[in-house]
């Protein structure tokens, strides 16, 4: 049993008038859902992914030194996201994001590895390089935040916390806006030679199942941006999805 308002796990039954308020938000709405939860702990990093019976991602929690986030679409038709801690600087964590993409590719074929590009940290277009192990095939990768909306990370830096609620379509619009904004920074030739990776590590609403379903309606638009491929990468293994195909 979970709270129908905020998604908090609660331990009660009975009709609405007999329920105790949710200890997190005070609501009495409840929702019954089957969920499979995968978790990971690496040093000071802790993450969890909840999926329903159809394997659709319903919530993502992650906690790391300096910050944590919770994204869920447990409320009917609403995606909730809470991010707290330090605001990331520039493309902080780009190598880790590319490593998760390399692991995704390696699951179904040749092994790939990710390495920082020599120009990483500058204004150049290449943050990382994906290299096929045992071969000469490579892909240049541009990493950008999956949230480009006005003030999101600025508010996080100022207040130490950011909360947002949106429809799945609204959350998918944020993915599109981030990709479209980045596409305007580079020429056609540069885009053709680069994968675009939207980093949803700190704001993982973009890898929820309902948001990905909404983003799929824009598949041809993502492809039309001219990048070799467009991906969104969440904070945990398995939360890596292609947006343009």
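The values are calculated or read from the model by the stated rules, or taken from the named source; none is laboratory data. Since the structure is predicted, the reported quantities are computational estimates derived from the model, not experimental observations. Every residue, glycine among them, receives a Cβ derived from its backbone with ideal geometry; neighbour counts consider all protein chains shown.
Table for the structure above
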{"read-out": "Some residue of the stretch 84-107 being within 23 Å of residue 209 (Cα to Cα), part of a strand (DSSP E or B) and at pLDDT 85 or above", "value": "yes"}
{"read-out": "Selection from the stretch 109-128 of residues that are over 20 Å from the mean Cα position of the chain (by Cα) and within 18 Å of residue 236 (Cα to Cα)", "value": "112, 113"}
{"read-out": "Members of the stretch 50-65 that are at pLDDT below 85 and over 13 Å from residue 201 (Cα atoms)", "value": "52, 53, 54, 55, 65"}
{"read-out": "Matching residues, the stretch 50-83, being within 16 Å of the chain's Cα centre (by Cα), in a loop (DSSP other than H, G, I, E, B) and surrounded by 20 or more Cβ atoms within 10 Å (Cβ to Cβ)", "value": "73"}
{"read-out": "Residues being more than 13 Å from the chain's Cα centre (by Cα), modelled with pLDDT under 95 and surrounded by 15 or more Cβ atoms within 10 Å (Cβ to Cβ) - total across the stretch 208-245", "value": "0"}
{"read-out": "Criterion (in contact with a helix residue (DSSP H, G or I) (Cβ under 7 Å, 6 or more places away or on another chain) and touching a residue at least 60 places away in the same chain (Cβ under 8 Å)) met by exactly one of 233, 147", "value": "233"}
{"read-out": "Any chance residue 183 is out of contact with any helix residue (DSSP H, G or I) (no Cβ under 9 Å at 6 or more places or on another chain) and either modelled with pLDDT of 90 or more or exposed (fewer than 13 other Cβ atoms within 10 Å of the Cβ) (or both)", "value": "no"}
